[in-house]
Amino acid sequence: MFSEAGKILVIGGIAAVLFGLLLMAAGKAGATNWLHWIGNLPLDIKIEKENFHFYFPLGTSILLSILLSFILYVINKFMSH
């Protein structure tokens, strides 16, 4: 049981490091505008008034949930065999 949890943590750590390196490389290459859509999806709620700002990233949360579910599904398929 702990062996499987260890594998998942190692894979998650490697994925986080690779994603971090990708973001750093994109920032140095001047490609910071490619993530402008995060927080601006159709279901993201923004209410801005004079003294009040409310932001709820529902669309972004749903998209990230779908992506993470798919990634974890693929990892589970490779781990179970």
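A few notes on this one:
- Here the Karplus relation 6.51 cos²θ - 1.76 cosθ + 1.60, evaluated at θ = phi - 60°, turns the backbone of the stretch 47-61 into coupling constants of 10, 10, 10, 4, 10, 9, 10, 10, 9, 10, x, 5, x, 5, 5 Hz, with x for every Gly and Pro.
- Rounded tilt (10° steps) of 2-28 against the dominant C-alpha axis of the chain: 40
- Per-residue packing, averaged as other Cβ atoms within 10 Å, sorts the ranges 59-66, 17-24 into the order 59-66, 17-24, beginning with the highest.
- Cross-link reach is defined here as a Cα-Cα straight distance under 16 Å, omitting same-chain residues fewer than 8 places apart; for K77 the lysines meeting it are K7.
- Database remark: amide H of I38 closer than 5 angstrom to no amide H (H placed geometrically; neighbours at sequence offset of 5 or more, or on other chains; Pro and chain starts carry no H).
Where a number appears in this text, it was derived from the coordinates with a stated rule and is not lab data. For clarity, every value in this text was computed on a predicted model and none was experimentally measured. Positions of Cβ are backbone-derived with ideal geometry, glycine not excepted, and every protein chain shown enters the neighbour counts.
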